[in-house]
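The structure appears below as structure tokens.
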Amino acid sequence: MKILLIGEYSRFHNSLKEGLIALGHEVTLVGTGDDFKKYPVDISIASSWCRTNWLITKVRRAIYKITKIDMALVETGNKFWKQRAHMKGYDVVQFINSWSIRTTIEKEKKCIAFLEQHNKALFLSACGTDTPWVESLLANKQLPYHILTPYLKDPSLKSYYSPALKYVTQNHKALYTFIEDKVKAIIPTDMDYYLGLQGHEKVTTLIPTPIHLSKLDHTTIPQQDKVVIFHGINRTNYIKKGNDVFEAALEIVTTKYPSKIEIITVESLPYAEYIKAYDKAHILLDQVYSHDQGYNALEAMAKGKVVFTGAGKHFKEHYQLDHTVAMDATPDPAQIASELEQLILHPERITEIAKNAKAFVTKHHDHIAIAKKYLDIWKSES
């Protein structure tokens, strides 16, 4: 098959592409590289001129203040349109979300319509923030917490949550309806999105996130005097990921066990640097408000780390787990500190859980096995 992947979140489409290529398919990835993370793409549509220097940035902000038009989005849309000749004749086009191209809403619709006209079948991934998921969280009556919990408790955080809340504005809701009407199916990648999409038409079974295991070195760290804890902070998502909760938990265990732990903290690293930064760690603190693992957590688990992330009831039931493969991180610093304390005092548990984590990712997330599942859905729904 000839497959076109539009957009990127946390290396998801790169890993899927690698699995598809291993199976003999032709794949092209179009995107911006997911901002500072700088993931590779085949056709780049990232804005560049609008970010050239401080003066142009200042002009861009002035234009936005007056017109509410972001020239970086306009530039991205223009780059896509200039290269549209390379985006014809594919058997499958998959979008990372409803706003995959990252241009103005009207230009986004124009580009989607072009892709529909010149390719066989369109599909939509549910692997990140999007309209129905945000709507489900705002109306949530089931989950005890989720990424919008801090905002619902403190509405003064509205501007901080604007990247997520924009998906329930009228323009983005209209965009979602537009693309939903054109795709054959919507494919959720983990329990958070699967639960949020229940009852929606075109939603398929959950297909787990693909992980390219051979690209990841298994870095089991022997037991030693200190337990090494890694905390990677993305300032843009600081509250949404629960980094403040993790920092409070770390303060508790640092006070109690200053000689037994070493903490590594990094901020907003490009992917290539981030994936190596935690090699010497035993434990990785990923995120708090989720109910399944994201890409960073899964890669760390594949590398033999004990990861604090979403791993609660819904996740365990779905995968029928009777053993621990990851530590369920709730928005309670005391709970996280208590779990950390048990690992600090009983380091043999670190070895056990790390082994379980590696085995789990190998069984459920291998990129070639996942690519086969996508091919099955694409073929059955086309």
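We did not get these values from a lab; they are worked out from the coordinates using the rules stated. Just so it is clear, the model here is predicted, and its values are computed rather than measured. Don't worry about glycine lacking a Cβ; one is built from the backbone with ideal geometry, like all the others, and counts go over all protein chains shown.
Computed 3J(HN,Hα) for the stretch 80-86, one whole-Hz value per residue from the Karplus formula 6.51 cos²θ - 1.76 cosθ + 1.60 where θ = phi - 60°, is 4, 5, 5, 9, 5, 4, 8, glycine and proline marked x. Connecting C-alpha atoms closer than 10 Å in a GNM of the chain, tell me which of Gly77, Gly128, Gly89 has the biggest fluctuation. Answer for the Gaussian network model of the chain: Gly89.
Modelled spin-label separation between Asp42 and Ala62, with each label point placed 7 Å from Cα along the Cα-to-Cβ direction: 4.1 nm.
Around the amide H of Ile261, modelled in the peptide plane, lie the amide H atoms of Val227, all under 5 Å away and 5 or more residues distant in sequence or on another chain. Springs between alpha-carbon atoms under 10 Å, Gaussian network over the chain: tell me which of His364, His212, His25 tops the mean-square fluctuations. Taking springs between Cα atoms under 10 Å, the residue moving most is His25.
In the stretch 62-169, which trypsin sites (Lys or Arg not before Pro) fall in coil by DSSP and have 11 or fewer other Cβ atoms within 10 Å? Those satisfying the criteria are Lys68, Lys141, Lys158. Taken about its Cα centre, the chain carries a charge dipole of about 1320 debye when Lys and Arg each add +1 at the Cβ and Asp and Glu each add -1 at the Cβ.
In this label model, Asp217 and Lys276 are separated by 0.9 nm, measuring between points 7 Å along each Cα→Cβ vector. Here the 3J(HN,Hα) profile of the stretch 325-335, calculated from phi with Karplus coefficients 6.51, -1.76 and 1.60 at θ = phi - 60°, is 10, 7, 8, 6, 9, 9, x, 9, x, 5, 5 Hz, Gly and Pro shown as x. Using Cβ point charges alone (K and R +1, D and E -1), the dipole size of the stretch 191-339 about the Cα centre works out to roughly 200 debye. Across the stretch 144-158, computed HN-Hα scalar couplings (Karplus, 6.51 cos²θ - 1.76 cosθ + 1.60, θ = phi - 60°) run x, 6, 6, 5, 8, 3, x, 5, 5, 7, 9, x, 5, 7, 3 Hz from first to last residue, x flagging Gly and Pro. Shown for Val168, Val134, Val306: other C-beta atoms within 10 Å of each C-beta, ranked fewest to most, produce the order Val168, Val134, Val306.
Return, ordered by residue number, the residues of the stretch 342-362 whose backbone nitrogen is under 18 Å from a label point located 7 Å along Cα→Cβ of Ser259. Those under the cut-off are 344-347.
When the C-alpha to C-alpha distance is required to be over 28 Å, the pairs from Lys79/Lys363; Lys37/Lys109; Lys173/Lys313; Lys17/Lys120; Lys260/Lys363 that qualify are Lys79/Lys363; Lys173/Lys313; Lys260/Lys363.
Can you grab the distance from the C-alpha centre of the stretch 233-309 to the C-alpha centre of the stretch 321-382, Å, no decimals? Here the two parts' Cα centres lie 14 Å apart.
Toward the positive end of the charge dipole of the chain, about the Cα centre and with charges on Cβ (Lys, Arg +1; Asp, Glu -1), which of Val266, Asn140, Thr169 goes farthest? Value computed over the given set: Thr169. Note: the stretch 91-247, Cα convex hull, 167 Å³ per residue. With coordinates expressed along the principal axes, the C-alpha atoms belonging to the stretch 214-364 extend over 38, 34, 32 Å, beginning with the largest. Taking amide H as placed 1.01 Å from N in the peptide plane, Leu284 has its amide H under 5 Å from the amide H of Phe230, Val306, Val307, Phe308, each at least 5 places away in sequence or on another chain. Rounded to the nearest 10 degrees, the angle from helix 54-67 to the longest Cα principal axis of the chain is 70 degrees.
Just in the stretch 229-304: which trypsin sites (Lys or Arg not before Pro) are loop by DSSP and have at most 14 other Cβ atoms within 10 Å? Passing both the DSSP loop test and the Cβ count: Lys280.
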